[in-house]
């Protein structure tokens, strides 16, 4: 009887050890790979424009790429306004004055053809701002404010005790919650990265649309969405500085829940920015609905 019970205990312990080993392997893979990727996904700089394939799509001059199509649209806008202006004499509808339209057309045409340079400066503003916030945090707390550093602190202070993870303990559950939340961050900020590239590609058309009152809504929506997507990385840098500012030497339950709160704040950063200034959502479950309201 004792031998049977001992055998059952050994089998149970073997199953538990196997589950914990698999659990630890999955979480270690997430920790070792995702944090460094998050740093590149979230803190976007003007290097996003230096991809050769992207440059060929956007256009290196007014004779190729998106810029060539946009300059063709420039002529289309002139014909569109001319037809509307002629019809307004018969329909008595109000449209913008010709000289006002021509001034806006010239300005929009210039900005459109220099859109690559303007977008580069726009990106650098947010990149330098977020980098400055992280640099201030680094100087204050003597820590590298980044996701790659966050994993080291999380594993040493707020996740596990020892070299193994017990899935059936509170530490194991909290560690799983923290690590698996990174997958949500990856999906959210990967979607943000794609949206930014899309908005950059259509930037010449968005700038050109500002020359007409009837199409200026597209420029306003484009600018609001682009601003909100880049403003997110400033919020993320502030959240990271707050996380690193706290003392985690005690490694108690409070510390662990603070880390979970910090990760959750990073997940909700887009929702906060969207409620604050508007823009498109990078929450995967809400994206389809938000795209239908893009022009609002």
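The values are calculated or read from the model by the stated rules, or taken from the named source; none is laboratory data. Note that the structure is predicted; figures quoted are calculated from it, not measured. Counting neighbours? That spans all protein chains shown, and the Cβs are built from the backbone with ideal geometry, glycine included.
Please work out which residue is farthest from the chain's Cα centre (by Cα), limiting yourself to the stretch 219-228 and to residues that are surrounded by fewer than 19 Cβ atoms within 10 Å (Cβ to Cβ) and touching a residue at least 24 places away in the same chain (Cβ under 8 Å). Please lay out each step first, then the result.
Initial filter on the stretch 219-228 (surrounded by fewer than 19 Cβ atoms within 10 Å (Cβ to Cβ)): 220, 223-224, 227.
Filter once more, so that each one left must be touching a residue at least 24 places away in the same chain (Cβ under 8 Å): 224, 227.
On the way: 224: 14, 227: 11 Å.
Filtering first and then ranking leaves 224.
For the stretch 89-106, the set of residues classified as in a helix (DSSP H, G or I) and free of Cβ contacts under 8 Å to residues at least 60 places away in the same chain consists of 89, 90, 91, 98, 99, 100, 102, 103, 106, listed by residue number.
Counting only helices (runs of 4 or more DSSP H) wholly contained in the stretch 228-294, the ones carrying 3 or more residues that are at pLDDT 70 or above occupy 253-267, 269-277. All of (1) free of Cβ contacts under 8 Å to residues at least 24 places away in the same chain; (2) surrounded by 15 or more Cβ atoms within 10 Å (Cβ to Cβ) hold for residue 79 with one exception: (2).
A single entry from 178, 173, 208 fulfils the requirement of being assigned to a helix (DSSP H, G or I), at pLDDT below 70 and either touching a helix residue (DSSP H, G or I) at 6+ places or on another chain (Cβ under 8 Å) or crowded, with 19+ Cβ neighbours inside 10 Å (or both): 178.
Could you say which residue among 143, 94 is out of contact with any strand residue (DSSP E or B) (no Cβ under 6 Å at 6 or more places or on another chain) and loosely packed, with under 12 Cβ neighbours inside 10 Å? Show your work before the answer.
Details: 143 fails: loosely packed, with under 12 Cβ neighbours inside 10 Å.
Exactly one residue qualifies, and that residue is 94.
Residue 86 meets the conditions (1) modelled with pLDDT of 70 or more; (2) assigned to a helix (DSSP H, G or I); (3) surrounded by 16 or more Cβ atoms within 10 Å (Cβ to Cβ) in every case but one. The failed one is (3).
Suppose the filter is part of a helix (DSSP H, G or I) and at pLDDT below 90; does residue 140 pass it? Yes.
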